[in-house]
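**Q** I have a structure I would like to understand better, so I am pasting it below and will then ask my questions one at a time.
Derivation of every value follows stated rules applied to the coordinates shown; laboratory data play no part. Quantities reported herein were computed from a predicted structural model and do not represent experimental measurements. FYI the Cβ positions are ideal-geometry reconstructions off the backbone, even for glycines, and counts take in every protein chain you see.
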Amino acid sequence: MQRRAFGKTGLDVSVLGFGGAPVGFLETEQREVADILSGLLDQGVNLIDTAAGYSGSEEMIGKTIGHRRDEYVLVSKCGRAMDGIEGAEWSEAAVLNTLDRALIRLQTDHLDVMLLHSCDLAALRAGEAVGALVKARDAGKIRFLGYAGDNEAAAYAAGLEDVAVIETSISICDQANIDNVLGLCQQNNVGVLSKRSIANAAWKGASQQRGMYVNYAENYAQRLEKMAITPEDLGFSADAWPEIALRFTLSQPGLSCAIVGTTKPGSVTANLAAAAKGPLPDDTVAAIRAAFQRAEAATGETWPGLQ
């Protein structure tokens, strides 16, 4: 598994990372999750991403691979108000209490990265939430801090001195952050994780999606339809969208790691094979970007990164 520099953290991370949302929100047996996560670690995947808001995900990861903690970079997210956590949204109390709970659930004494989970620009500028993560870093509970989100807030966060990592939406159907965030991250040596890296399989349509994915999938499916481009147009077979989507995201300059979540062993195998092929040819990337830009312009609207 190829690895890339993770910005100012000094870490190297696999180009493919595991997103822990599905193992929390979908009904998945612990044994299945253990097989998937252990298999990924065995194949060289070394970044695991989760969040306090992914119901059950932190616990599942801790139970299944906590004993292999030294083999992976562990990322979680915090800051939202939720049951069992004292403190208002984006307050120091909420941030620190969520972190302390995460350490227990993930069966570790520290996180490599803790991200503020899509707080708005006003909350970032207020500084309390960022300041709480700085305190946690200085106390040794986390190694690095950052922000998970999109658009103007992600661009602002990328310019903060203490922010070492940005997680943002980048995919064939979500390209705004390529122009508005990635360049700033490169300038400031901020590591970048892409979320929803394969556009929630937009080519399937929303009717084939489950649970948390439906709203995103519907929006992305509409965008892809308007883009009016097919795998065959790009020189691939008709069933190649999963590979094209992942390799497109991996083609973006400044990206450290593409996060993909799944509970299906077959998808894990396909993702590993696609990632091994590396970025798409430049002309293929250009064709996908042009299709997005034409479709966006035709709507007369701006297609922002989806939060």
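**Q** Rounded to a whole number of µm²/s, how large is the Stokes-Einstein D of region 148-279 at 20 °C and 1.002 mPa s, given Rh as the Kirkwood radius over C-alpha pairs? Could the numbers behind the result be given before it?
**A** On the way: Rh = 15.3 Å.
The calculation lands on 140 µm²/s.
**Q** Add +1 for every Lys or Arg and -1 for every Asp or Glu among the other residues with Cβ under 13 Å from the Cβ of Val15, and state the total.
**A** Working: positive: Arg3, Arg4, Arg247, Lys277; negative: Asp12.
Net of charged neighbours comes to +3.
**Q** Based on the Cα coordinates of the chain, what is the per residue volume of their convex hull in Å³?
**A** Details: hull volume 37.1 nm³, N = 307.
Looking at the chain, the number lands at 121 Å³ per residue.
**Q** Please say if region 227-285 is rounded, prolate or oblate, where rounded means a/c under 1.5 for a ≥ b ≥ c the square roots of the C-alpha gyration tensor eigenvalues, and otherwise the choice is prolate for a/b larger than b/c and oblate otherwise? Before the final figure, lay out the partial values.
**A** Numbers: a/c = 2.00, a/b = 1.20, b/c = 1.66.
Oblate, because a/c is 1.5 or more while a/b does not exceed b/c.
**Q** Sticking with this structure for a sec: If the chain between Lys8 and Glu218 were fully stretched, how many nm would it gain, using 0.36 nm times the residue separation less the Cα-Cα distance? Mind showing how you got there, number by number?
**A** On the way: separation 210, 0.36 × 210 = 75.60 nm, distance 3.58 nm.
So the extension gain works out to 72.0 nm.
**Q** Additional query: With θ taken as phi - 60° and the coefficients 6.51, -1.76 and 1.60, list the Karplus ³J(HN,Hα) couplings across region 289-294 in order, rounded to whole Hz; mark glycine and proline as x.
**A** Coupling constants for region 289-294: 5, 5, 5, 4, 5, 5 Hz.
**Q** Using the count of nearby Cβ atoms within 10 Å as a rough guide to exposure, how do Val134, Val33 rank from fewest to most? It would help to have the intermediate numbers written out before the result.
**A** Working: Val134 15, Val33 22.
Ordered from fewest to most neighbouring Cβ atoms within 10 Å, Val134, Val33 come out as Val134, Val33.
**Q** Mean-square fluctuation check for the chain, GNM, Cα pairs under 10 Å: which of Ser171, Ser55, Ser194 is largest?
**A** Result for the chain, Cα springs under 10 Å: Ser55 fluctuates most.
**Q** Given H placed on each backbone N at 1.01 Å, which residues far from Glu89 in sequence or on other chains put an amide H within less than 5 Å of it?
**A** Result for Glu89 returns Ala81.
**Q** Using a 7 Å offset from the Cα along the Cα-to-Cβ direction at both Asp120 and Ser38, what is the distance between the two label points in nm, to one decimal?
**A** 4.6 nm
**Q** GNM, the chain, Cα, under 10 Å: largest mean-square fluctuation among Met60, Met114, Met82?
**A** Comparing Met60, Met114, Met82 in the GNM, the peak value goes to Met82.
**Q** For a quick protection proxy, order the peptides 64-70, 74-80 by their average other-Cβ count within 10 Å, most packed first. Please list the in-between numbers first.
**A** Numbers: 64-70: 14.4, 74-80: 26.9.
Highest mean packing first, the order is 74-80, 64-70.
**Q** I've got another one for you. Note the per residue figure in Å³ for the convex hull of the C-alpha positions in region 57-194. Write down the numbers at each step before the final one.
**A** On the way: hull volume 15.8 nm³, N = 138.
Convex hull of Cα atoms, per residue: 114 Å³.
**Q** Past 27 Å, Cα to Cα, is the threshold; run Lys77/Lys204; Lys63/Lys264; Lys8/Lys264; Lys8/Lys204; Lys77/Lys226; Lys8/Lys226 against it and keep the listed order.
**A** Values: Lys77/Lys204 29 Å; Lys63/Lys264 19 Å; Lys8/Lys264 33 Å; Lys8/Lys204 37 Å; Lys77/Lys226 33 Å; Lys8/Lys226 38 Å.
In this structure, Lys77/Lys204; Lys8/Lys264; Lys8/Lys204; Lys77/Lys226; Lys8/Lys226 lie more than 27 Å apart at Cα.
**Q** Let me ask another. Just want the ordering: Asp83, Asp282, Asp12, from fewest to most Cβ atoms lying within 10 Å of their own Cβ.
**A** So the residues, fewest neighbours to most, are Asp83, Asp282, Asp12.
**Q** Relative contact order for the chain: what percent, with Cα pairs under 8 Å and sequence separation of 6 or more?
**A** RCO, the chain: 19 percent.
**Q** How much length, in nm to one decimal, is gained on full extension between Lys63 and Thr230, taken as 0.36 nm per residue of separation minus their Cα-Cα distance?
**A** Numbers: separation 167, 0.36 × 167 = 60.12 nm, distance 4.13 nm.
Stretched fully, the Lys63-Thr230 segment lengthens by 56.0 nm.
**Q** Still on this structure, please answer the following. Plugging the Kirkwood radius over Cα pairs into Stokes-Einstein for region 1-132, at a temperature of 4 °C and a viscosity of 1.567 mPa s, what D comes out in µm²/s? Mind dumping the intermediate values first?
**A** Details: Rh = 15.3 Å.
Translational D for this selection: 85 µm²/s.
**Q** For Ala273 and Ser237 in one chain, what is 0.36 nm times their gap in residues minus the Cα-Cα distance, to one decimal in nm? Mind showing how you got there, number by number?
**A** Values: separation 36, 0.36 × 36 = 12.96 nm, distance 1.58 nm.
Result: 11.4 nm gained on full extension.
**Q** Inverting the mean 1/r over all pairs of different Cα atoms, compute the Kirkwood radius of region 25-86 and quote it in Å. Don't skip to the answer; put the middle values down first.
**A** Values: mean 1/r = 0.0799 Å⁻¹.
Answer for region 25-86: a Kirkwood hydrodynamic radius of 12.5 Å.
**Q** Among Thr262, Thr50, what is the fewest-to-most ranking by other Cβ atoms within 10 Å? Display every interim value, and only then the final one.
**A** Working: Thr262 19, Thr50 28.
Sorted ascending by nearby Cβ count, the order is Thr262, Thr50.
**Q** Grab the other residues whose beta carbon is less than 10 angstrom from that of Val73, score K and R as +1, D and E as -1, and report the net.
**A** On the way: positive: Arg143; negative: Asp12, Asp49, Glu71, Asp112.
Residues near Val73 contribute -3 overall.
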